[in-house]
Each structure stands twice: as structure tokens, then as C-alpha cells.
Amino acid sequence: MKIKKALLKDTFKEIKKSYKRFISILLMALLGVGFFAGLRASSPDMVDSIDTYYKNQNVYDIEVMSTLGLTDDDIEALFNIENVESVYGTYSRDGLIQTNDKEIVSKILCVDDVNQPVLVEGNMPENIDECVVEKSFLEGTGKKIGDTIDIEPEKTNETTTNEISTSETSEGENETSVAEGEETEYLKHKTLKIVGVVDSPLYISRERGSTKLGTGVINYYIYVNRENVNSEVYTEVYITLENGDKYQTESRKYEDYVEETKNKIEEIKEERENARYQELIDEANAEITKAEEEFNTEKQNGENELQDAENKINKGKAQIESGEAEINRNERKANQQFENAEAQIESAKTEVAKNALRLNNEKIEAEKGFEEAENQKANLQSTLDNIHNAIKITDNSIAEKQAKLETAETEEEIATINQEIAKLQATRQVYETNKQSVEAGMTEIDNQIASGRQELQNAEAQIDSARKQIQSQEASFQQTKNKTYTQIANARKELEASKQEIADAEAELETAREEFNTKIQEAEGKLIDAREKVSEIEKAEWYILDRQQNAGYSSYIQDTESIENLSMVFPIVFFAIAALVSLTSMTRMVEEERQEIGTLKALGYNKFHIMFKYLIYSSLACIIGGVIGMNIGFQLLPRIIWDMYEMMYTLPEFIISFNHQYSSMGLGLIYICIVGATLYTILKEVKETPATLLRPKAPKYGKRVLLERVGFIWKRLKFSHKVTVRNIFRYKKRFLMTIIGIMGCTSLILAGFGLKDSISSILPNQYEDIFHYDMLVSLKTALTEEQRNSYIENLKQKEDIQEVVETYMESGTVKKGENSENVQIVIPSDNQEIDKVITLRDVKTEEAFTLSEEGIIITDKLAELIHTNVGDTITVTTADDIEKEIKVVGITENYISHYVYMSKTLYQQVFGETYHTNVLLVQDNQLNEEQEQAVMQEMVAQNEVQTVTLTTNTMKTLDDTMSSLNYVVVILIVSAGLLAFVVLYNLSNINIGERIRELATIKVLGFYDREVYDYVTRETILLTIIGIALGVVAGYFLNFYILGTCEINILRFEKVIQPISYLYATAITLVFSMIVNIVTYFALKKIDMIGSLKSVE
Amino acid sequence: MAYIEFKNVCKDYKMGEIIIKALNHTNFSIEKGELVVVVGPSGAGKTTALNILGGMDTVTSGDVIVDGKNIAKLKNKQLIKYRREDIGFVFQFYNLVQNLTAIENVELATQICKDSLSPDEVMEKVGLADRKKNFPSQLSGGEQQRVAIARAIAKNPKLLLCDEPTGALDYKTGKQILKLLQDTARKENMTVIIITHNAAIAPMADKIIRFKNGTAESIESNQNPIPVENIEW
């Protein structure tokens, strides 16, 4: 023990004496352990912080959403699942808030026992007309606590869940259209008073999700009182698990536990989906039936009414008709009568006229008769005369005959003459009678004329009276006739009016009927539509999500993973350097104490006792440094990293814990490095005999270096350069250390900048070189072929639009062997067209690909992840769970996400499904951002469009995410700088210490400070340059390595380092070595010539 | 006025609480071309005086005049210039740069001086013309000290200051070195100051300064210096 005591004392004295060395080793341990423990702890601390946060706020373990909303029955069913502790049904919806000049979109959440928001300021919304907002809401809108806001929730059906649903919204709308006006307001109070500021555990990052409202981006979230919400179904159901807080979030156990429960939920999923679907269908059907009944009654009523009206009209018409007929009849009768009467009158008149005429005729006749009679009389006279004559003649003739008789010759003649005389006699007799009759006739004629005349006079009188009678009759008839016709005309007029009325009524009826018909048709159409749409209601689909699907959470976790990956790489470099530095320091120490070691050995101390001092020395430095380092590291590094991430994430508290695992691991490692290095040096020394040790160690011999043999170079070197060259090769250990240190520094910085280059090249690579479209327009699924085509045609015609490429996209998975990845399957409608918006090409050769039926083209990162080469066959599973094996014919350049490109023909061949365009990739006419926004808003408002994604917006979001990786770069550069500084400083100290006599000598020789400095640092500078050169090479590879570890699955980093980054890395390293050189300069200046030269080594 | 004059020079060292007076009102003078031997026990202030004279240390008070220049008043940079141009130093332990060959060690000095001598000539002078490409580790102690002397005189200094130049050497070699120094002083008419604790070599000097308790106790001029080879000790 005594021995040890003495040795211990010696050890502490040694520490006191060589405190600089002790501190330098201590510092190395401090840095090594600090960095290791601190960096390694950062990621667990971050996870721990979110874990604590989530536990405190009772954040869900599993979230269930359904395309058709969730009901109490669902909750009941979920509650009965094993491991489920609590099930919370809750509501959320997007809403528009108008403030001053802006329109902002906010997610309306409600305060619940699950996912409790943290109150930062003010109160929670206790009344239904109150709300709480996030801090940035106040900053962004200029509102204060106590102000009120008006919020207009999105008009959708209750079943709509904003996150998932896009397609089912339309169905929801149908439903409401069936039962029009039945939609209730989502919020009872839409004017809300801001009463507080909260942080939501659901939104720890700036990402708020997307919406159908406004510009499509949710700006803020607000919380309202649950009572304020008016919704039939829950939009989300959150589940917390029994004993869930036993496990740390993201731990394997937790994930398994959640996964296990998710699987159990999966089991009831279908049943519940069907139940909800059936419920909705039933509801809808019931409503339709009701509507149908209503429709039918309405229709019947309408029809009846119409019928009644028609009947009435018809009756009226009949009446009119009969009226008309009667009138006509009457008229006809009247006419007839009048005609008869007229005819009578006429005939009477005619009679009279006839009579008059006859009379006249008779008169004339009579006159004639008279005349004739006169004539007859005259005739008779003449006849008389004639008879007189004839008698005379006859007398004459008789006389003659008689005469003749006298003359008669023959009897016969006599007889004849006698006869003739007889005859004549007879005739004469006749004449005589005639004469008498004529005379009588004559008298009679006279009588007759007289009576005729009398008769005529009588007749005339008679006719006159008849005429008079007729005239009076006619007058009265005319009167009657007029009267009758007026009556008829009146009746007609009346009838005409009635007819008009009926016509009007008929017209009215016609319009009413038309109206009715259109209404009926419409109603019928609606009913048909409704029925059709009910049949179209897609089955409810449950989405069973866990925290991983929360954007903020998952990006946070991803960041912790990046940090963790990083924390694997850095400490290695630090440890290596720490080991090297302590190796040189301890070597130097042991060498300095050769004589002491020799003395001790000569005094009879054994190896262990001698080693004890150095081991204690280095162990103490190591442990003290390590413990200080881990304490600082655990506090500082996670805090620094957190400070950086705090810009992106809102967590109430960052929890720093002392991580025993990492601390002991770090300490152990550094102990092995430093004490191991000590052991190595001391073991080498104690092997020597005391005599050798007591003699001063022969100084390192000067040696000719290889370069000296190359005469033509050596001769040309300046003297001082020769010295430098020789020195460099003389101190090989230092030479190596400097180079490694500088190399490490440069390579870390280069890797840092390289990482930044790679990160910042992703976006331009993807969205400028690969994707050329400006907008991604997804169309509603329910569109018909014509609707779609006409929409596309219209779009193509637009002035702002340059190119529209039709594609069908669906999500799916690809699998090869054990590896599977989620992908987006892109099927362009035209294999050539796609070139306009997406470049498919080989990464290396830049050779362009064209889609064919031969097989699919997959993106490069995907190929890498599933270990696939061209010609391999992979399993592609579509969203509908159809699995097909397809050959890969090309691997195309891509940077973000995974895509599978397939030709239309191949798709139809393999999957046997009909192709229909659902996504349009649109290139605009180089619009600026504002114009694009305007176009987008216009598009979103159109019925055919489901969503519009602007490439610029996507880029912005991604840019935010990726800027977090910039912090990694900062960490890299800062730590690299620190490393460089420590190494160079240490080396510089060792260099000076080791060569103090040499330096003192040249100072004595009269070297100016500057010359002394040059003498020493010329080497350092040369080594630095070599180190930088090597570092650039090493950095190039380190960059690849870090890229490999930091790379997120869905991103492919292009392995590029910009020339400027080489410049930066070189410049920064030079700056660090410059700083060290300045320190060296002053250290050199302080060298005590006398002191250094006095003692013997 | 003498070529070198120490006037009332004091030098105090602070060792914690105690102030050690290394030089206490020291006065002496040396003429140009003199070979001076400084003797005295350890801690008497010989080396301190030499260091001050060589511009490696500063005085606390007093004046040091070298060739009409008061070096006690010189600033750091001027002191370096003084060392560079006017002083040649030879140490007990040679202090050669191990990594340089003999000739290179000489060159190390000559390359910073204006009127330096040719390193090859100097090497010849010190009798090491054939060893000049050797590294110090390849030379014996005497040879190394010769190189050190060569390095010092190659600068063609006004003063050659030697602090126990033979301290680490054997008798014979030491004698050879002293001879070299004496010859140099004579031939080159160089002012040479040799510190030694070996009083026996004092007769070789033109002037002997004895130090005791921080002062030059006696300064003795020797009219007949004896060549070193004739001195036995």
C-alpha cells in the first residue's frame, strides 16, 4: 500500500506539473464522450419528449376513420376489442374564416379527453360560443384573445372525413340533395370568441394538411367546444390502448402492441363497414321511398287537379257546344220560320203580284179579250158582213146554180147542182143561223165585256186589299225577325265569351300540365338519380391509422432517425482522433519520463507499479473528461439540436435525460481508446532495461528522405523547404495525425455541404428535370366518359393551359422477395404524350425510355429498395388488391416517391380493367404563382374536378421538410470545426513541446518570430494541404455514406457535391488551421530560450 | 570606451515570494578581439551575464553597451536582430538541429545573416569538411560541438559567446575545442567569451572575469595568454 501511496502522490504531482497535457487528454475524452453521448442521446431525448408529451395529452394510439363516418355502434364494437382502453369519437372539419382582407382555412377540432391540446394562454372554450386557437393564428391574423371570429364550416355531409374522403363527398351531397334542406349546420355557433391559445399534439409541425376549401391548404387549427358541434356521425375515432403508456412511442414493443391491436380491429373492420354501409343505404332508401311516396301522392294530386280542371273545361265546352247548337237550332228554326214566313209573305206577295199580274194579264187579256171581243165583234160584224156577203154570194151562187141548173145538162149535173144548191141552201141556212148567232154573239160580247170589266174592277180591289194585308204582315214579321236575330246574336256573343273563357282555361291547363310534367320529370329524374346514387354509394371503408400517419409526428420521428443515423457516424471520427491525440500525448509523456521510469525500475518497482502511474493519469483524465463530457453532452447537444428542430416542431417541453446506456458506452469506448493508447506506449517502454531507460533516449536521428535522392527537385528546393520536407518525414506519427485530423475535418465539412447539395438538388431534379407539369388535376371518379372528355377538351382550349396529359393513377404496392414498397402507378393514356410532362430516362446514360407492352418502368430508388434490375419480374398490387407479376423493362431517374409507369395496353392486358383517365397532368403557359393560384381556384370550383395540386405548392411543402436537414449540415460543420481545432491545437502543442530545444536554438540564432513561426508552420501548412486534399477525397466517400444513412426511403439523393462546396470545405478548414496557427504563433513567441536550452534531455 | 561594457547591471528573478538577485550591480568591460574566460561557481551569475550579453535575456536595471549600442534598452525585435547579426552562441549541449546535416546546421545560421561566411569554408576551418553531410547523430560530441562552433562563427558575429563549451566533452576533445576557439579569436580577431567552471583554462584568456554572488568579483587582464595546447589540467 505504501508503494501505491507514493505512486499516487507522484501521479497527482505529475498531473499538476503537466496539467496542459492532462487537460488536453481530458478535453479529448470530454469531446469524444460528450459528442458521442450527446449526439446519441439527442434522438432518444427527442423521442422521449414526444412520448411524454403524448402521454400527458392522452394522445391516441390508433385512429379509425371511415369514408362514411363512424357511429356509436362502431365505438361499441371497437371498445370490445382486447387491449382497447378507451374509444373516443370526435369531430373535425375544415372551415373558412374571413379576417380583414384574407380568407384563411382552419381545421376545426373539438376539445376532447383524447389528444388534449395544451393550454398556453387564456382559458379552454367552456362555452359553446368560444374557441381556442394556435399561437401562429393570432400572429397571422392579428387577432387577440377576446376577439371574435366568424367561421364557415365546409358544407359537406357529416360522413365526410376530410383526411381521407374525397370521393365520398359527392355521395354525401347526393344524399342531401335527396333530402334537400335537411343538412344541419355543423356548428351551432359560428361566431366564436377566442378565449385562449393552445398547442395541439396532433399538429406538432407546421404541416396542417390539405382541404377542399380556399387554396387547398389548411392554415391553422382551432378548437371549439364539443357541444358546439352538430354532427350525426363521428369523423374520427381515437383509441387509446390499455397499458399503452407502459411502452415508449416508436419502440418496437409499442409498435408491435399497436400493430397487434390494429390487426384485431382489422378483423371487425369489414363487418362494421358493411353495417355502416347498410345503415346508410337503408336510410337513403327509406328516404327515397318516402320521397317516392310523396312524389306519387303529389303526382296523383297534381294529376287529379289537372283532370278536374280538364273536366270542367270539357263540361264548359260541352255546354258551349250545346248552347251553340241550340242557338244554331233556334237560329235555324227562326230562319226556317222566318223563311217560311217570308216565303209565305213572298208567296202571298207573289200571289198578289201574280194575281195582280194575272189581273193585269187578265186585264190585258181582258183588254185583249175586249179588244178581241171588239175584234170579234168587229169580226162578227165583218163575219156578219161576210155572212151577209156570203148570203148574198150564196144567194148569188144559188142564183147562179139555179142559173146553172137551168143550164144543167145531165141529171147528174142537175142532181149535183141541186145538191150543191141544196148545200148552198143549207149553207145559206147556216149563214142565216150564224148570222143570228153572230148577232147574238155580238150582243154577248158586249155583255161579256161589260161583266169582264166589272170583274176586273173587283179583282183589282181585291188585290189591293191583299197587298195591304201583306204589307202589314211583312212589317210585323220584320219586327219579329229583327228581335229574334238580336236575341240570337246576344246568345252568340255570350257563347263566344264562354268559349274564350274555356280557351283560357284550356291554355292554363296546358301550362299547368306542362309544368306538372316537367316537375314530375324532374322529380322522377331526381328520384332515379338518387336511386342510382344510392346504388353507387361506395362501401364504407375504414382507415385504421396509427401515429405514423400523423404528418407532424411521422416527420418528427423521421428526423429523430436521421439524427440517430448521424450520431452513429460522428463519434467514430471523434473517437479515432481522441485515440490518436492521446496516443501522441502519452507517448510524449512516457518519453519525457524515461529516466524516472528507469529510476523506478532500478529501484525495483515492477512493471505494474510503473504502469500504474500512467494508467491512473490517463484514466483520471479520461474519466473526469468523460464524465464532464457526458454531462455537458447530454445537456448541450440535445438542446442545440432541439433548438434547431424547435423552429419546426411545437412541443411544450424538451426532456433531457441522462442516458446511462450511452454514457457508459461512450465512456467505455473513450477509455479503451485513451487508456489503451497509454498502455500501448508504456508497455513498449517498461520492456526496456533500467540502464537503457536511464540513458537519455537517443534523439530521433536525422535521416535522408527519399526526395533528397531526386536531385533535380531537392536542389531546387529552398533551404527552409528542405528542412520542412525532412521534418515532415521525421515525425511520422504527428504527420499522420495532422493529416488524419485535417482530413477528418475537411471530409466532415465537405460531407455536410455535399449533403446540403444533395438535399437542395432533389426538388429541382424532381420538379424541373423529371416532372414538367405545373398542376396535377384529379377528376372525380363518378364522371361519365363524355363528361370527362368534354372537360378535358375544354381545358385544352383554355388560354392559360399549354399541355394536358391524361393519365390513370392509382396507388399500389410492389414486391419482390421480402421487400415491398408503396408506389404510385401511373398509366398514361398515350405512351408518347407522357414525355411532355414526365421524363423517363436512365440515370446514367440519360437514354430516354418509351413505355411499351413489354413491361413496366420503375423508379430507381424503388429498384434499389426492392433489389430489382431490368429484366426482373416483380409483383404489382393495385389498390383493389389485384396481384400481378410484371417484368421490369426500365429503371428511370426519380428523386421523390416511388412510381411505376405502365402502358395503357399492358395495364388492360394484365389487369383486365378498362382504362379511364382520372388524373390530368397540366402544363400551364408559364404563369406566375399568383396566376397559377387563380387558375387552381377556378379549377377546384368546377364540378368535374376533385383536387388540384400545384407543383409550386408541393415544392414549398417539401422545401420546408427538407430544410430541416440543413441543421444536420450545421451540426456537421460545427463539429468538424471543433474537431479540427482540437486536433490542430493539440498537435501544435505537441510539436512545440517536442521540438522546444530546436526552436529555442533557432531563436537564439536570431530567427525573427515570423521566421520561427514559418519554420514550424510551414510543415503544418503542408500537412494541412495534404490533409485537405485527402479530406476532399474522404469527404466525397463520407458524403455517400452519410447520404446512405440519412436517406429517407421515399427520397433519392443525387450523389453530387457542387464545386463551391469543395471550396467551402477547403476554406473553412484553412480558417480553422489559421486560427490554430495564430495561437501557435503566440506560443512560439513565448518560448523561453534560456530555460529550454539549459536542461539536458 | 571599451568594446563591451557592463554598467551596474542588475537582474532579478522572481521565484514565488522570493526575489533572487542573479546579477547585483555587475560591472566589467571587454575590448574588441579579446578572448575572455568567465569563471565562478554555479549560481554566481556567469550564465545570466552571458545571456544578457547575448540578447537572450533582459536586464532589470543597468546598461550593457556593445560596440556603442546599449542593448539593455533594445526592444524584442531589435534584440533578435542583435542576436542575428552580432552574436554567435555555443552551448554545452551543442543544440544542433538533429534533423539537419552538419552543413545544413551551419546553413541554418548563414541563411539569415547578411555578411555570413561560406558554410563550406567554415566547415573546413573547423576541420569537418569531410563530415559535413553527416547528421548530428552520426557525429561524435566533439565533432558536434565543432559544428556548433562553425554555426556560430559562420554568421561572422561581433561576439562569440560560449557557455561551458567543453562541459560535455572529454579532456582531449575539450582541449581541441578550446583550441579552435582560441584560434578563431586570434585569426579572425573575434571577441570570444567562454564561460567555464574550470578555472584551470583561465590562462588561455586575454582577460579573466571571476564571478561570485552575482557580481564580477575580479577582472584580471592576462598579458601573456598561454596557448591551450600548453595548458594541462
Label-point gap, in nm, between A:Lys815 and A:Glu596 - each point 7 angstrom along Cα→Cβ: 6.9
Mean ellipticity per residue at 222 nm, deg cm²/dmol - from DSSP H runs of n ≥ 4 across chain B, formula -39500 (n - 2.57): -8500 deg cm²/dmol
Computed FRET value (nearest 0.05) for A:Thr480 with A:Glu351, which takes r as the C-beta separation and R₀ as 30 Å: 0.90
Neighbour cut-off at most 14 other Cβ (10 Å), DSSP loop, trypsin sites (Lys or Arg not before Pro), region A:822-878: A:Lys844
13 Å beta-carbon shell around A:Ile327, net charge (K/R +1, D/E -1): 0
Interchain or long-range residues, amide H under 5 Å from A:Cys110's placed H: A:Tyr91, A:Val224
Label point at B:Ala200 placed 7 Å out along Cα→Cβ; residues across region B:127-146 whose backbone nitrogen lies under 20 Å: B:142
Environment charge of A:Ile640, counting only residues whose C-beta is closer than 13 Å and scoring Lys/Arg +1, Asp/Glu -1: -2
Rg in Å to one decimal, and Dmax rounded to a whole Å, for region B:68-113 via C-alpha atoms: 13.0, 38
Sequence-separation-based contact order of chain A, relative, with Cα cut under 8 Å and 6+ spacing, percent: 16
Degrees separating the helix A:19-56 axis from the principal Cα axis of chain A, which is the longest one: 30
Segment A:Glu913-A:Ser657, length gained on full extension (0.36 nm per residue, minus Cα span): 86.5 nm
Net lengthening on full extension, A:Asp73/A:Val974 (0.36 nm per residue, minus Cα-Cα): 318.7 nm
For A:Ile672, B:Ile201, order by how many other beta-carbon atoms lie within 10 Å, fewest first: A:Ile672, B:Ile201
FRET efficiency for A:Glu303 and A:Ala507, using Cβ-Cβ distance with R0 set to 22 Å, rounded to 0.05: 0.75
Sites A:Gln419 and A:His388, calculated FRET efficiency, Cβ-Cβ separation with R0 25 Å, nearest 0.05: 0.55
Derived scalar couplings ³J(HN,Hα) [region A:762-767; Karplus, 6.51 cos²θ - 1.76 cosθ + 1.60; whole Hz; x for Gly, Pro]: 4, 5, x, 4, 6, 9
Against the rule of thumb 2.2 N^0.38 Å, how large the Cα Rg of region A:454-598 comes out: 4.27
For region A:252-257, 3J(HN,Hα) per residue [Karplus equation, 6.51 cos²θ - 1.76 cosθ + 1.60, θ = phi - 60°, Hz, x = Gly/Pro]: 4, 4, 4, 4, 4, 4
Packing-based exposure ordering (other Cβ within 10 Å, fewest first) of B:Ile71, A:Ile624: A:Ile624, B:Ile71
Relative contact order, percent, chain B [alpha-carbon distance under 8 Å, six or more residues apart]: 27
Region A:225-347 shape via C-alpha gyration tensor axes, a/c threshold 1.5: prolate
Cβ crowding within 10 Å averaged over residues, with A:973-984, A:469-480 ranked highest first: A:973-984, A:469-480
Other-chain or far-sequence residues with amide H under 5 Å of A:Arg841's (modelled H): A:Phe849, A:Glu893
Coordinate range along principal axes, alpha carbons of chain B, Å, largest first: 49, 42, 38
With Cα atoms, 0 to 90° folded angle of helix A:411-536 axis to chain A main axis: 10
Cα-Cα pairs of region A:775-926 separated by more than 21 Å (percent): 44
Gain upon complete extension [A:Thr443, A:Glu271; 0.36 nm per residue less C-alpha separation]: 47.4 nm
Radius 9 Å from Cβ of A:Asp880, net charge of other residues (Lys, Arg +1; Asp, Glu -1): -3
Point-to-point label distance, A:Thr289-B:Asn230, nm (Cα→Cβ direction, 7 Å offset): 14.9
Backbone N within region A:904-940 under 11 Å of label point (7 Å from A:Glu785 Cα along the Cβ vector): A:915-916
Rounded, prolate or oblate (a/c below 1.5 giving rounded, otherwise prolate when a/b exceeds b/c) for region A:883-997 by Cα gyration tensor: oblate
Rough spin-label spacing in nm, given labels placed 7 Å along Cα→Cβ, for A:Ile1050 and A:Arg709: 6.2
Simple Cβ-charge dipole of the protein assembly as shown, Lys/Arg +1 and Asp/Glu -1, about Cα centre, in debye nearest 20: 19980
DSSP bridge orientation in region A:775-926 - percent antiparallel, rounded to nearest 5: 80
Cα convex hull volume per residue for region A:919-1054 (Å³): 177
Charged-residue dipole, Cβ positions (Lys, Arg, Asp, Glu), chain B about Cα centre, Debye nearest 20: 520
Relative contact order (%) - criterion: Cα under 8 Å, at least six apart; region: region A:775-926: 35
Whole-number D in µm² s⁻¹ for chain A, Kirkwood Cα-pair radius fed into Stokes-Einstein, 25 °C, 0.890 mPa s: 59
Fraction of beta bridges assigned by DSSP in the protein assembly as shown that are antiparallel (%, nearest 5): 75
Cα extents of region A:427-503 along the three principal axes, largest first (Å): 99, 25, 6
Angle between chain A longest axis and helix A:1059-1085 axis [Cα atoms, degrees, rounded to 10]: 30
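Since every read-out is calculated from the coordinates, none of them should be taken as a lab result. Only a predicted model underlies this, so the values are computations on that prediction, with no experimental measurement involved. Heads up, the Cβs are rebuilt from the backbone with ideal geometry, glycines too, and the neighbour counts pull from every protein chain shown.
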